[in-house]
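Q: Dropping the structure in here first, questions after.
The values are calculated or read from the model by the stated rules, or taken from the named source; none is laboratory data. Bear in mind that the values here come from a model prediction, so they are computed numbers and not experimental data. Here Cβ is always computed from backbone atoms with ideal geometry, including for glycine, and neighbour counts include all displayed protein chains.
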Amino acid sequence: MLIYSNTKINLGLFVTGKRSDGFHNLESVFYPVGWNDALEIEVNPSQISKVELVEYTAHATNTPEKNLCVKAYCLMDARFDLPPVKIHLYKTIPTGAGLGGGSSNASCTLKALNAKFNLNLSSLQLQEFSAQLGSDCPFFIENRPAYVTGRGENIQPIELDLSGYCIAIMHPGIHLPTADAFKLITPQSINFDLPLKLASTPVYEWKHFLENGFEKPVFEKHPEIKTLKENMYLHGALYASMSGSGSAVYGIFEKYEQAERAINSFTNYKSKLVLAREHLVQFL
């Protein structure tokens, strides 16, 4: 079974306070975008361990037991006693980029196991499993534009359509662990209805009210990331922002040629240019 695992961008990211459990409350809108990894799961009864991971990437960042795909399998196996499997993970989404690649991999693994072994879990049940793997994971179960609160586990689907735009994403090769980024943040309140404001305001006006609370401390530490954002606007982006806790930066463009020029101006960075309609919504 082959499944594609896409990324997301944050349309605004407001960290509103620290919780008693040590996590932070946030408000954001997640929008799925078609920069994809691929997962293939095959039953392998001859292997010694119940789950084997083969990762195809230039820079593997975790040992197999720390990989979220493996953790997703172990979570389901503890509940359903699954057959042994081999997971092939083809990585193209950069890690430590604020794009949710690992979270997407985990949720797609849950959906693939659910389909492959006829577990008949509902979307809500899959979200409950995925929340045990990471705050961003539940979003990728339904994989639709959503208003996200709490630690990121509270998801309210919204009607938001960027299908007429192009999105350029650039990653400068800087790995920013999320836990480290949160240490730099100063919580701030938000005094407007985020999904309503997005839906009722033209994209070119988003820069007047949308913020990513991680940008200021991250830009101070890594000014080259700030340069990426400025470059997006220089080439005609209607809106540009760092995604998540960084370090990837995206720009929303009206014209494909503008987005292409923005990407080509930094040829040494890992980048992706997608049409906003090209995300893969999967209900397995």
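Q: Looking only at the stretch 151-162, which residues are out of contact with any helix residue (DSSP H, G or I) (no Cβ under 6 Å at 6 or more places or on another chain) and under 23 Å from K71 (Cα atoms)?
A: Listed by number, the residues that qualify are R151, G152, N154.
Q: Taking strands (runs of 3 or more DSSP E) that do not extend beyond the stretch 1-98, which have at least 3 residues that are under 20 Å from A179 (Cα atoms)? Steps first, please.
A: On the way: elements: 2-18, 24-43, 51-56, 85-90.
Of the strands (runs of 3 or more DSSP E) lying wholly inside the stretch 1-98, those with at least 3 residues that are under 20 Å from A179 (Cα atoms) span 2-18, 24-43.
Q: So W206 clears everything in (1) closer than 23 Å to S247 by Cβ; (2) assigned by TED's automatic domain parsing to the domain that holds G101; (3) part of a helix (DSSP H, G or I) except one condition, right? Which one?
A: W206 satisfies all of (1) closer than 23 Å to S247 by Cβ; (2) assigned by TED's automatic domain parsing to the domain that holds G101; (3) part of a helix (DSSP H, G or I) except (2).
Q: Would a scan of the stretch 20-29 turn up a residue that is in contact (Cβ under 8 Å) with a residue 12 or more places away in the chain, touching an Asp or Glu at 6+ places or on another chain (Cβ under 7 Å) and of a type outside the set (D, E, K, R)? Reasoning before the result, please.
A: We begin by selecting, within the stretch 20-29, every residue in contact (Cβ under 8 Å) with a residue 12 or more places away in the chain; these are 23-29.
When the remaining residues are screened for being touching an Asp or Glu at 6+ places or on another chain (Cβ under 7 Å), the result is none.
No; the residues of the stretch 20-29 include none that is in contact (Cβ under 8 Å) with a residue 12 or more places away in the chain, touching an Asp or Glu at 6+ places or on another chain (Cβ under 7 Å) and of a type outside the set (D, E, K, R).
Q: Taking the conditions exactly as written (out of contact with any helix residue (DSSP H, G or I) (no Cβ under 6 Å at 6 or more places or on another chain), in a loop (DSSP other than H, G, I, E, B) and not assigned by TED's automatic domain parsing to the domain that holds S243), does S189 satisfy them or not? Show your work before the answer.
A: Details: out of contact with any helix residue (DSSP H, G or I) (no Cβ under 6 Å at 6 or more places or on another chain): yes; in a loop (DSSP other than H, G, I, E, B): yes; not assigned by TED's automatic domain parsing to the domain that holds S243: no.
Answer is no for this residue.
Q: Filter the stretch 99-121 down to the residues that are under 18 Å from H175 (Cα atoms) and assigned to a loop (DSSP other than H, G, I, E, B) and list them by number.
A: Correct list: L99, G100.
Q: Would you mind stating whether I190 is in contact (Cβ under 8 Å) with a residue 40 or more places away in the chain, more than 20 Å from A97 (Cα to Cα) and surrounded by 15 or more Cβ atoms within 10 Å (Cβ to Cβ)? Don't jump to the end; show me each part of the working.
A: Working: in contact (Cβ under 8 Å) with a residue 40 or more places away in the chain: yes; more than 20 Å from A97 (Cα to Cα): yes; surrounded by 15 or more Cβ atoms within 10 Å (Cβ to Cβ): yes.
Against the criterion (in contact (Cβ under 8 Å) with a residue 40 or more places away in the chain, more than 20 Å from A97 (Cα to Cα) and surrounded by 15 or more Cβ atoms within 10 Å (Cβ to Cβ)), I190 qualifies.
Q: Look at P84 and say whether it is touching a Pro at 6+ places or on another chain (Cβ under 7 Å), exposed (fewer than 13 other Cβ atoms within 10 Å of the Cβ) and either under 22 Å from S243 (Cβ atoms) or free of Cβ contacts under 8 Å to residues at least 60 places away in the same chain (or both).
A: Details: touching a Pro at 6+ places or on another chain (Cβ under 7 Å): yes; exposed (fewer than 13 other Cβ atoms within 10 Å of the Cβ): no; either under 22 Å from S243 (Cβ atoms) or free of Cβ contacts under 8 Å to residues at least 60 places away in the same chain (or both): yes.
Taking the combined requirement at face value, the residue does not satisfy it.
Q: Also, I was wondering about something else. Which condition number in (1) surrounded by 17 or more Cβ atoms within 10 Å (Cβ to Cβ); (2) of a type in the set (V, I, T); (3) assigned by TED's automatic domain parsing to the domain that holds R261 is the one that V148 fails?
A: With (1) surrounded by 17 or more Cβ atoms within 10 Å (Cβ to Cβ); (2) of a type in the set (V, I, T); (3) assigned by TED's automatic domain parsing to the domain that holds R261 applied to V148, the lone miss is (3).
Q: Could you check A181 against (1) in contact with a Phe, Trp or Tyr (Cβ under 6 Å, 6 or more places away or on another chain); (2) not in a helix (DSSP H, G or I) and say which number it fails?
A: (2)
Q: Say we look at the stretch 234-261 and pick out the residues that are at pLDDT below 95 and touching a helix residue (DSSP H, G or I) at 6+ places or on another chain (Cβ under 8 Å); which of these is farthest from F30 (Cα to Cα)?
A: S247
Q: Only residues in the stretch 109-137 that are closer than 18 Å to L89 by Cα count as the first member; pair them with residues that are of a type in the set (D, E, K, R) and in a helix (DSSP H, G or I), Cβ under 8 angstrom, at least 6 apart or cross-chain, and list the lot.
A: Between residues of the stretch 109-137 that are closer than 18 Å to L89 by Cα and residues that are of a type in the set (D, E, K, R) and in a helix (DSSP H, G or I), the close pairs are L133/K71.
Q: Let me ask something else. Out of curiosity, is G134 part of a loop (DSSP other than H, G, I, E, B) and either in the same structural domain as S271 (by TED's automatic domain parsing) or small (G, A, S) (or both)? Let's see the steps before the verdict.
A: Values: part of a loop (DSSP other than H, G, I, E, B): yes; either in the same structural domain as S271 (by TED's automatic domain parsing) or small (G, A, S) (or both): yes.
Taking the combined requirement at face value, the residue satisfies it.
Q: With the structure loaded, tell me whether L210 is hydrophobic (A, V, I, L, M, F, W, C), surrounded by 15 or more Cβ atoms within 10 Å (Cβ to Cβ) and at pLDDT 95 or above or whether it fails that test. Steps first, please.
A: Working: hydrophobic (A, V, I, L, M, F, W, C): yes; surrounded by 15 or more Cβ atoms within 10 Å (Cβ to Cβ): yes; at pLDDT 95 or above: yes.
Yes.
Q: Checking Y31 against (1) among the aromatic types (F, W, Y); (2) crowded, with 22+ Cβ neighbours inside 10 Å; (3) out of contact with any Leu (no Cβ under 6 Å at 6 or more places or on another chain), only one condition comes out false. Which one?
A: (3)
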